[in-house]
Every structure is written in structure tokens, then in C-alpha cells.
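Below are the C-alpha cells for one structure; questions will follow.
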Amino acid sequence: MEAPLYPEFPPDPSTPPGGQPAFWVGPRHLAGDDGRLYDAVADTLVGLGWTSLTIVRGRHEPDDAPEDRQVLRSTVLHISPDALRWAQWSLADEPFHLGDLPIAWQISARADTSSPLAQWSAYFTPDVPGEAVADFLLALDARDQPAMPLAGPELVLDAVAAHGWLRDIDQPQVAATDPTFTSHMSLGEVPPLIQDADPRALITETDEAGLAGWQAWAEPALGAPYLWAVSFGSSVPHDLVAAFAASLSSTAPVLRRVLPEATRERLLRAPAI
């Protein structure tokens, strides 16, 4: 168990009028999303000039009052000005699961507007730190060609190693973990249903290894449910994954009001006064 940053302050000061107390928290990869994963990412996209669309699916009779209408599913879609990249908030849209956690954000990109299909997609569950998803999107938005690879996988491991993460002893070229062995980055076979435009994904035999993509997850205790999970399709450029990895492993504290129960006692925290 790690001690608070400032032991002279009680770990749980009384809630001030108007809301929960705020803390500066670390490490970031165990700090959760503060219950604001949609807002943190959507605010970033608004700042980048992306357009947001809300798609509501449901049914109603012509004479139904608004409150009686049955909304089956709803999705919020954010699209970049060049229409080459988009981010979909799918938590309310019956998403599929990753590591037994529902997908919250799906971020995709394509090489040009002549094809409606994504070249690659990345998936983020709740409690992924919003700062890391936002930094991934900032790197994606800054790219002229969002689907073109520009660097090798070593860039991802260098990003986390710079912040003290340890390379896996058995697989030092493809995997790393934080010093507490709680959070992990690994280049390996992507889970089922992860979308990718690489045609090899369609012809892999059942007894063959599938395409490799970056996976990340936090497991608070051995065998315990994951705190969060992330999956990058095999065609996601490594430099974009590295932007996410660098932010995830950053030693800079983050502001939080809601701390994950699973990692609450492992967090360093100081009241944000």
C-alpha cells in the first residue's frame, strides 16, 4: 500500500459544499476516468473542430407524448473536418465487451474518403484515463495521413520505458509493465471482432495466429477483474499507440474526484486546494 503524497492531510476530507473533494492523483494508469470519460474526450474533439452527431434509434406512435417514446439505442459520433477520422461513443449502444468490460469509445480512421470502411479502429473501455485517450486523439488529429505507418513498434516500448515501466523479461521487444506489475502494454494477437482493413484478417485459419496489434490493460490483482482494457487494431500506426502509451504511463498527477474502488488504496493523492 502506498502512502498519500501529503500525510498531514487526511485521505478523505469532508466533502465541501457543492460537490466531492478533488485530489491530485497518481499513478495515472490506476486513476480511472473520474466518471468523465465521455466529457474528457468530447471536450478535446470540440476543441479540435470535430463535428458531433447524435443518432437515436427507437420507435413511437404518431400520437405518443415525447416521454412515452421508446429509445432503443443512441450513439454519439464525432467526425474530423476532413472526414478521415471519427470517434464513436458507444457505451449506450449495446457495445461488445473487451476483457469483460463494455467498449466506451471506438476511434477509427481511413486512408481516403472514397471508401466508407475504416483502415483501423481502436477500442477503449470505461476507466481508461481520459487524458490518455485525449492525447491519442490529439496525435491522430495532427497527422496528415492517419492510416499510414510512420514508425516501428519499438517506439511504444520506448515511450513507457521513459516513465519507468519495465520491459518483459521473456518478451522485451513486445511487452512492458509498470513497476507494480498492474498495468501492461503488449503487442500480440488482437481479440475477436477488432476491426481492421488488413485483408489477412479475413483469411487466417482457425489454427493460425491472427494479426498482431497493441493491447493494454490494468489488472489490480492477479485474477481480479480488469480496471480497464484497450485494444488497437493491427493497422493502427505505432506512433499513435506511442502517444497513448506515453500519456498513460506519465508520472504527472491527474485531477480526480471519483477514485476507482479497485485501486483506491494504491493511489498517491493530495488534496487539490
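Stokes-Einstein diffusion coefficient for region 78-194 at 37 °C in a medium of 0.692 mPa s, Rh from the Kirkwood formula over Cα pairs: what value in µm²/s?
Value of D from the Cα-based Kirkwood radius: 206 µm²/s.
Here's a follow-up. So how far apart, in nm, are the two label points at residue 266 and residue 63 if each is 7 Å from Cα heading toward Cβ?
Label at residue 266, label at residue 63, 5.9 nm between them.
Using only the C-alpha atoms of region 126-177, find the volume of their convex hull and express it per residue in Å³.
Hull volume normalised by residue count: 113 Å³.
Among 97, 78, what's the order by accessible area (1.4 angstrom probe), most exposed first? Don't skip to the answer; put the middle values down first.
Values: 97 110, 78 5 Å².
Highest to lowest solvent-accessible surface, that is 97, 78.
Arrange the peptides 123-132, 104-113, 42-51, 231-240 so that the one whose residues have, on average, the most other Cβ atoms within 10 Å appears first.
123-132, 231-240, 104-113, 42-51
Also, quick follow-up: Report the full-extension gain for the segment residue 251 to residue 142: residue separation times 0.36 nm, less the Cα-Cα distance, to one decimal in nm. Mind showing how you got there, number by number?
Details: separation 109, 0.36 × 109 = 39.24 nm, distance 2.38 nm.
Extra length available between residue 251 and residue 142 comes to 36.9 nm.
The values are calculated or read from the model by the stated rules, or taken from the named source; none is laboratory data. Bear in mind that the values here come from a model prediction, so they are computed numbers and not experimental data. Don't worry about glycine lacking a Cβ; one is built from the backbone with ideal geometry, like all the others, and counts go over all protein chains shown. To get the accessible areas, we keep the full protein, side chains included, count just its heavy atoms, and leave off ligands, DNA and RNA. Shrake-Rupley method; radii C 1.70, N 1.55, O 1.52, S 1.80 Å.
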